[in-house]
Every structure is written in C-alpha cells, then in structure tokens.
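Here the structure comes first, spelled out in structure tokens, and everything after it is commentary.
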C-alpha cells in the first residue's frame, strides 16, 4: 500500500491547520500524518476509488486512535471517489495532495486529474504532489505495460514535461522541493 514514492507531507506546508484533500489514500498513512497538523473534525478528506483501500484506512485509524492520545478518527473524512471527478466542492480546501497516484494515468487522464486538483483548492491554495519522474521519455511498450503502470513506474514523465502540464491547468509557481535519484533497471 506504499511503494516508497516519497511523501506529500511537509510540516512547513501545513501551518494554520489547513483543510486537505488527499487523493489515493492507500492504507491511510499520509492521512494520519496530515491530521497531526490539522486536528479538527473533517479537516482531512481522504479520497480513493478502491473500497479495499478505504477499509484498510478505517482499520488503521482504529489502531491509531487506540495508540495515540492526540488522534481522533473524526479528523479524517473518507470518501469514495475518483481523481478524475473529485468529491470536494470548488475552492473548498487549502491543499490538494497526492502521492504516487498520478503515474498510473495516461496523458489525457493526467490532465483531467490535474484539472480536478486545480478546481478544489481555495484561492491561493496549494497542490502538493510526490510522484516518480524520469530523465528521458519511457518507451511506449513500457508505458503500455499495465503492471509497470500499476506500480507507478511506466507513467513517469520528465520533470519539465510534468511541470508544463501542471502550469497549463492554471497553477502558478512550481517548486521542486526534493528529488532523489534512483536507478531502476527493467528486465525485458
């Protein structure tokens, strides 16, 4: 439920108890981390299309509540929904976030998901992404490999191309906070 794609949780981005919509919840780890900074009922909106991920998150929240005095399950509002049609209303959150989800999309879907991520933040809101990127274009036969796409590898884009898509939907200043270099060898 976590492929080690990085994290969209950075304390400096989470001041003043923001309302956060996080797309692709996995087991809920980032939702728990976000809720540490926004300890308000419903301040974290977790969105996933996969019922098993929502159930895994609920289970993990029960454990977290039993073992952490500061955490309450009602900080997090889990919603079934698609990144291509987000449940939150227009301009309703401070931060739209996702971690290692958008690399499963092909370009048309990615543009739609980015448009949705642009729609939900309030004016001056932010988008926080953590996705694998690549230096060169991935060959088409690898991009079409469903297994590699499912683990967020073959959908990777070069950083400048990803930034171009982000700015084309309307986001302004783009900051790349941290990049880690990993070599991935694919056996053909």
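Throughout, read-outs are computed from the coordinates displayed, never taken from laboratory work. Only a predicted model underlies this, so the values are computations on that prediction, with no experimental measurement involved. Using ideal geometry, Cβ is built from the backbone for each residue, glycine included, and neighbour counts are taken over all protein chains shown.
Figures for the structure shown
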read-out	value
Normalised contact order of the range 17-109, rounded percent, pairs of Cα under 8 Å and 6 or more residues apart	38
Within the range 75-166, percent of DSSP bridges classed antiparallel, to nearest 5	10
Estimated FRET transfer efficiency (residue 136, residue 176; beta-carbon r; R0 25 Å; 0.05)	0.90
Beta bridges by DSSP in the chain, antiparallel share as percent, to the nearest 5	5
The range 29-184: relative contact order as a whole-number percent, Cα under 8 Å and 6+ apart	19
Rounded if a/c under 1.5, otherwise prolate or oblate - the range 47-109, Cα gyration tensor axes	prolate
Residues 59, 36, sorted so that the one with the fewest Cβ neighbours within 10 Å comes first	59, 36
Sorted by Cβ density within 10 Å, fewest first, the residues 161, 91, 175	175, 91, 161
Hypothetical label at residue 160: residues of the range 109-137 whose amide nitrogen lies under 18 Å (7 Å Cα-Cβ projection)	133-137
Residue-averaged [θ]222 nm for the chain, counting only DSSP H segments that reach four residues, each worth -39500 (n - 2.57)	-9000 deg cm²/dmol
Percent of C-alpha pairs per 10 Å bin, the chain, short to long	9, 37, 36, 15, 2
